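Below: one structure, written as structure tokens.
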Amino acid sequence: MKVLLLPEFGKPFYPALEEQFAGVDFIEAYEPDQIEREVRDADVVFGDLTGSQFEAAKQLKWIQTLDAGMEGLYNAIPRIAESGITVTNAQGAGAPQIGEHAVTMILMFSRGMDRFMAKQRDREWAQDYGLTIVQMAMGKTIGIIGLGKSGMEIAWRCRALGMDVIAVDAHDVEAEPVLEDVWPLSRLNELLESSDFVIVTVPYTPANENMLGEVELALMKPSAYLIVTSRGRIVEHNALVAALKDGTIAGAGLDAVIEEPFPADNELWGLDNVIITPHIAGNSPELDERTCDIFEWNLRRYVNGEPLRNVVDLELRY
């Protein structure tokens with residue numbers, strides 16, 4: 001069995017793979033021409049292929065991608081859904097980091113840290129002002145849209161802060177003890193009406209683009225905050241800008257936006273009630289190793305003929 005290893009960040013971890021899987025022919029390939037040559041008789045690919053590289057593959061059976069989101073794969077290989085090849089993703093590799101990032105956003109807003117930092121730059125001791133903006137996270141309701149691995153990492157951290165956690169999901173997901181309840185997606189409006197913080201972790205697909213538009217944002221409390229950690233296109237951009245400017249919602253923490261890199265002239269940059277981070281919620285120095293670990297776990301299952309983890313439904317695109 002020939003396994004093609006594409007990401008250079010995996011170099012420190014590849015020797016351990018070769019030790020554990022003595023009967024596997026591992027090939028590291030980093031240059032496009034080399035990849036296109038080596039993929040022709042590869043059985044497994046760890047990494048992301050271009051369209052021409054995919055077309056060159058003649059006996060490929062399984063691709064382990066490097067990300068949880070699948071839009072890059074579908075953009076590069078539009079016919080992947082009809083190919084019959086098994087695709088697994090790296091869902092969960094960045095989930096703990098996303099949990100920490102979302103909680104950071106919640107605490108930034110609830111304790112007014114973004115505004116205090118601005119006061120600090122002005123060397124202003126704004127105690128009277130500060131007393132009007134600080135609040136407790138404890139006792140507030142967090143609503144999670146899309147209860148996957150990232151959603152669960154957010155959920156238990158918020159529960160540890162004394163928050164009430166509810167969620168909606170398109171699939172039948174059993175409520176863990178840290179959640180008050182998990183509702184079907186048909187109850188999205190109820191979640192929006194009930195939550196003090198709404199967190200978007202649902203994966204992007206064409207079906208859920210602009211899931212939250214003007215009507216949905218208007219259902220949120222004027223005191224509520226929207227936090228987006230998955231993909232920016234889940235939220236209709238112009239509706240979000242309007243809701244932030246007219247006070248429909250209190251603010252937004254955006255790790256994912258409609259266009260990345262985010263243009264410098266977009267007016268969201270200048271809004272005082274917005275925190276923007278450059279799509280790094282899932283990142284940390286540990287991410288590379290965690291991504292390689294997922295591949296290692298799956299390779300062991302593949303070699304042993306066991307079901308793989310993180311298998312992508314190629315029709316649903318996640």
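Please treat every number below as a calculation from the coordinates, not as lab data. The structure displayed is predicted, hence computed values, not measured ones. Positions of Cβ are backbone-derived with ideal geometry, glycine not excepted, and every protein chain shown enters the neighbour counts.
In table form, for the structure just shown:
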| read-out | value |
| --- | --- |
| Any hit, the stretch 177-193, residues being in a loop (DSSP other than H, G, I, E, B) and free of Cβ contacts under 8 Å to residues at least 12 places away in the same chain | yes |
| Exclusive hit being surrounded by 14 or more Cβ atoms within 10 Å (Cβ to Cβ) and closer than 30 Å to residue 10 by Cα, set 283, 208 | 283 |
| Residue pairs meeting the criteria (Cβ under 6 Å; at least 6 apart or on separate chains; first free of Cβ contacts under 8 Å to residues at least 24 places away in the same chain, in the stretch 211-237; second of a type in the set (D, E, K, R)) | none |
| All positions within the stretch 288-303 that are within 18 Å of the chain's Cα centre (by Cα) and buried (at least 17 other Cβ atoms within 10 Å of the Cβ) | 288, 290, 291, 292, 294 |
| Identity of the residue in the stretch 9-67, under 30 Å from the mean Cα position of the chain (by Cα), part of a strand (DSSP E or B) and without any contact (Cβ under 8 Å) to a residue 40 or more places away in the chain, that ends up surrounded by the most Cβ atoms within 10 Å (Cβ to Cβ) | 63 |
| Neighbours by Cβ (under 9 Å, 6+ apart or cross-chain): first from the stretch 114-140, over 28 Å from residue 195 (Cα atoms); second among the hydrophobic types (A, V, I, L, M, F, W, C) | 119/125; 119/126; 124/118; 126/116 |
| Residue in the stretch 133-154 that is in a helix (DSSP H, G or I), over 24 Å from residue 208 (Cβ atoms) and not aliphatic (A, V, I, L, M) present | no |
| Number of the condition not met by residue 317 [criteria: (1) surrounded by fewer than 19 Cβ atoms within 10 Å (Cβ to Cβ); (2) assigned to a loop (DSSP other than H, G, I, E, B); (3) among the charged types (D, E, K, R)] | (1) |
| Any hit, the stretch 84-95, residues being farther than 17 Å from residue 282 by Cβ, surrounded by 13 or more Cβ atoms within 10 Å (Cβ to Cβ) and free of Cβ contacts under 8 Å to residues at least 60 places away in the same chain | yes |
| Test: residue in the stretch 109-129 that is more than 30 Å from residue 59 (Cα to Cα), touching a helix residue (DSSP H, G or I) at 6+ places or on another chain (Cβ under 6 Å) and not aliphatic (A, V, I, L, M) | yes |
